[in-house]
């Protein structure tokens with residue numbers, strides 16, 4: 001009788017664990033089947049290529065944003081700002097031309113600011129410039145807004161002239177999304193180059209700047225960090241908020257070829273990104289060099 005009970009017990013255990021294993025394998029197989037889609041494709045919809053893509057998820061759906069480059073894939077040219085909306089990330093509605101339909105200038109470097117994910121309120125900060133003889137001219141920052149997750153957009157042009165100082169010869173923002181600090185404001189990181197003349201000698205500087213906003217529409221210049229042009233300087237900075245509320249910045253280095261350290265990162269002072277307009281390097285901790293594969 002004991003032997004029979006033992007056999008029955010083992011049979012039950014095998015059936016139980018076999019069923020559990022089969023269920024686990026089925027669940028794993030189900031999870032391991034990602035759904036892929038392509039909102040933007042090169043050489044389609046009237047554009048040579050799409051660059052600087054961003055994805056935003058709200059309760060209203062998924063929003064894909066990108067630069068749409070008309071004639072070529074270079075940085076200087078006719079570049080539009082476009083978007084597509086999806087309910088599930090599998091299929092996408094028709095391309096929306098947000099900016100650039102009425103001229104052949106450049107509209108780019110989109111940085112989404114998710115104001116209210118539940119309502120679908122998203123602002124996009126972006127840069128705009130003319131192109132003359134194949135060269136980008138002075139840039140300015142602008143903002144465009146959707147209140148329904150990307151189905152409709154504000155038609156009015158909103159220019160932000162206060163986000164550029166008079167001696168800045170170059171200005172850009174991103175890549176990445178805006179971050180929200182525990183203290184309240186939204187923060188976007190950017191880069192600039194400026195030129196000044198001291199005692200008849202031209203001097204140039206490259207640096208990173210923070211912009212901050214409480215409502216996502218009205219922005220102001222915050223702290224910045226700069227070095228003389230020619231030294232390793234941060235460019236294309238990406239920003240995030242650490243678990244303790246501090247900001248962390250990781251950027252490409254302008255000295256990318258023939259050196260071992262090709263990225264720079266920094267942890268600014270906790271308040272250096274917001275209510276400290278014009279503050280310079282003393283409010284930042286030193287930029288640290290990081291090694292990465294040689295792109296050259």
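The values are calculated or read from the model by the stated rules, or taken from the named source; none is laboratory data. All of these numbers come straight from a predicted model, not from anything done at the bench. Cβ coordinates were reconstructed from backbone atoms using ideal geometry, including for glycine residues, and neighbour counts include every protein chain displayed.
Here is how the numbers come out for the structure above:
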read-out: Filter pass, residue 140 being in contact with a helix residue (DSSP H, G or I) (Cβ under 7 Å, 6 or more places away or on another chain), assigned to a strand (DSSP E or B) and surrounded by fewer than 19 Cβ atoms within 10 Å (Cβ to Cβ); value: yes
read-out: Residue list for the range 74-92, filter: under 20 Å from the mean Cα position of the chain (by Cα) and modelled with pLDDT of 95 or more; value: 79, 80, 81, 82, 83, 84, 85, 86
read-out: Test result for residue 271, at pLDDT below 65 and surrounded by 13 or more Cβ atoms within 10 Å (Cβ to Cβ); value: yes
read-out: Residue within the range 231-250 that is surrounded by fewer than 17 Cβ atoms within 10 Å (Cβ to Cβ), part of a strand (DSSP E or B) and over 15 Å from the mean Cα position of the chain (by Cα) present; value: yes
read-out: Selection status of residue 59, modelled with pLDDT of 95 or more, surrounded by 21 or more Cβ atoms within 10 Å (Cβ to Cβ) and over 17 Å from residue 173 (Cα atoms); value: no
read-out: Residue satisfying all of: in the range 183-214; outside any strand (DSSP E or B) and either on the phi > 0 side of the Ramachandran plot or free of Cβ contacts under 8 Å to residues at least 60 places away in the same chain (or both); surrounded by the most Cβ atoms within 10 Å (Cβ to Cβ) among these; value: 214
